[in-house]
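Right, one structure below, let's go through it.
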Amino acid sequence: GQNIDQPTEMTATEGAIVQINCTYQTSGFNGLFWYQQHAGEAPTFLSYNVLDGLEEKGRFSSFLSRSKGYSYLLLKELQMKDSASYLCAVRSPRPGGYNKLIFGAGTRLAVHP
Amino acid sequence: KAGVTQTPRYLIKTRGQQVTLSCSPISGHRSVSWYQQTPGQGLQFLFEYFSETQRNKGNFPGRFSGRQFSNSRSEMNVSTLELGDSALYLCASSFGGLADQPQHFGDGTRLSIL
């Protein structure tokens, strides 16, 4: 079966660091994506991991361990505008599965002053 | 460049009716995927089209169908609407080739069934 787990909600303080975890059990793996979705808006792409290790992009970093079926998104120097849902998604492997993304339910992050 | 455009943004229908949603991908993108987003189920994959052919399909009933035109624009159709079809329908586009490119989402069509 296909299963992606993320915490439902998290809260953090402005300026702090928060780590959002994602564990997955899928029939095959061809990359993991993180998206940010503000209420009422489209999901926007944040990061992509296909090999083990850390990918850093400014205030956002994402880590992947394929052997553990585990990823996390790290947000540093939190700002109020980071309050949003964060979606973890695994891509099905080829062939024929180029763009079939399996999404977790998302983690709602609330950043407080 | 322009992003993914979905029309209409909001739609109200009644049970038993049918509906057609439209998606214009980012220029140059040939892959269009459709997702259903509900509070209870999250984002669920419906299908993907590439070069006018359905390349992937999720686990939705046959009432959900789609197509893609030669200019890569895509439409999704839902027939015999049910109350449970109320959701945000999101379209995402990408180049769709072998390179690992992320999908870019449109703002969605919010469908309400009365």
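The values are calculated or read from the model by the stated rules, or taken from the named source; none is laboratory data. The structure displayed is predicted, hence computed values, not measured ones. For neighbour counting, all protein chains shown are included, and Cβ atoms are generated from backbone atoms with ideal geometry for every residue, glycine included.
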Is it true that some residue in segment A:54-61 is surrounded by 12 or more Cβ atoms within 10 Å (Cβ to Cβ), within 14 Å of another protein chain (Cβ to nearest Cβ), in contact with an Asp or Glu (Cβ under 8 Å, 6 or more places away or on another chain) and charged (D, E, K, R)?
-> no
For B:Leu111, indicate whether it is of a type in the set (A, V, I, L, M, F, W, C) and either part of a helix (DSSP H, G or I) or at pLDDT 95 or above (or both).
-> yes
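Do the conditions hold for A:Ser85, that is, is it at pLDDT 95 or above, outside any loop (DSSP other than H, G, I, E, B), in contact with a Leu (Cβ under 8 Å, 6 or more places away or on another chain) and at the interface with chain B (Cβ under 10 Å from one of its Cβ atoms)?
Working: at pLDDT 95 or above: yes; outside any loop (DSSP other than H, G, I, E, B): yes; in contact with a Leu (Cβ under 8 Å, 6 or more places away or on another chain): yes; at the interface with chain B (Cβ under 10 Å from one of its Cβ atoms): yes.
Yes.
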Among the residues of segment B:52-91, count how many are in a loop (DSSP other than H, G, I, E, B) and touching a Cys at 6+ places or on another chain (Cβ under 8 Å).
-> 1
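Answer yes if at least one residue in segment A:53-63 is more than 20 Å from B:Gly42 (Cα to Cα) and among the acidic types (Asp, Glu), and no otherwise.
Our first condition is that a residue be more than 20 Å from B:Gly42 (Cα to Cα); within segment A:53-63, this holds for A:53-63.
Okay, now just the ones that are also among the acidic types (Asp, Glu), so A:55-56.
Within segment A:53-63 (the criterion being more than 20 Å from B:Gly42 (Cα to Cα) and among the acidic types (Asp, Glu)), the answer is yes, since at least one residue qualifies.
Inside segment B:57-99, can you point out the residues that are among the polar types (S, T, N, Q) and at negative phi?
From segment B:57-99, those among the polar types (S, T, N, Q) are B:59, B:65, B:68, B:70-72, B:74, B:77, B:79-80, B:86, B:93-94; that's our starting set.
B:Asn59, B:Ser65, B:Gln68, B:Ser70, B:Asn71, B:Ser74, B:Asn77, B:Ser79, B:Ser86, B:Ser93, B:Ser94 - these are the residues of segment B:57-99 that are among the polar types (S, T, N, Q) and at negative phi.
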In this structure, does B:Ser86 turn out to be more than 23 Å from A:Gln2 (Cβ to Cβ) and either surrounded by fewer than 12 Cβ atoms within 10 Å (Cβ to Cβ) or within 13 Å of chain A (Cβ to nearest Cβ) (or both)?
-> no
Would you mention how many residues in segment A:6-29 are surrounded by 15 or more Cβ atoms within 10 Å (Cβ to Cβ) and either small (Gly, Ala, Ser) or closer than 26 Å to B:Leu88 by Cα (or both)?
-> 10
Which members of segment B:65-96 meet the condition of being in contact (Cβ under 8 Å) with a residue 24 or more places away in the chain and over 18 Å from B:Gln17 (Cβ atoms)?
-> B:Gln68, B:Ser72, B:Arg73, B:Ser74, B:Leu88, B:Leu90, B:Cys91, B:Ala92, B:Ser93, B:Ser94, B:Phe95, B:Gly96
Scanning segment B:10-34 residue by residue, those exposed (fewer than 13 other Cβ atoms within 10 Å of the Cβ) and in contact with a helix residue (DSSP H, G or I) (Cβ under 9 Å, 6 or more places away or on another chain) turn out to be B:Arg15
Kindly indicate whether A:Gly40 is surrounded by fewer than 16 Cβ atoms within 10 Å (Cβ to Cβ) and either at the interface with another protein chain (Cβ under 8 Å from one of its Cβ atoms) or at positive phi (or both).
-> yes
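Filter segment A:1-13 for residues that are in a loop (DSSP other than H, G, I, E, B) and closer than 22 Å to B:Phe45 by Cβ; which is modelled with the lowest pLDDT? Step through it out loud before you land on a result.
Quick first cut of segment A:1-13, residues in a loop (DSSP other than H, G, I, E, B) only: A:1-2, A:6-8.
Right, trim to closer than 22 Å to B:Phe45 by Cβ and you get A:1-2, A:6, A:8.
Numbers: A:Gly1: 64, A:Gln2: 77, A:Gln6: 96, A:Thr8: 95.
The extreme case among them is A:Gly1.
Tally up the residues in segment A:88-113 that are modelled with pLDDT under 85 and either touching a strand residue (DSSP E or B) at 6+ places or on another chain (Cβ under 9 Å) or buried (at least 23 other Cβ atoms within 10 Å of the Cβ) (or both), please.
Just the residues of segment A:88-113 that are modelled with pLDDT under 85, to begin with: A:92-100.
Pick out the ones that are also either touching a strand residue (DSSP E or B) at 6+ places or on another chain (Cβ under 9 Å) or buried (at least 23 other Cβ atoms within 10 Å of the Cβ) (or both) and you get A:92, A:96-100.
The number of residues fulfilling the criteria is 6.
Which is within 14 Å of chain A (Cβ to nearest Cβ) and surrounded by 16 or more Cβ atoms within 10 Å (Cβ to Cβ), of B:Gln37, B:Gln41, B:Gln54? Show your work before the answer.
Working: B:Gln41 fails: surrounded by 16 or more Cβ atoms within 10 Å (Cβ to Cβ); B:Gln54 fails: surrounded by 16 or more Cβ atoms within 10 Å (Cβ to Cβ).
Only one candidate qualifies: B:Gln37.
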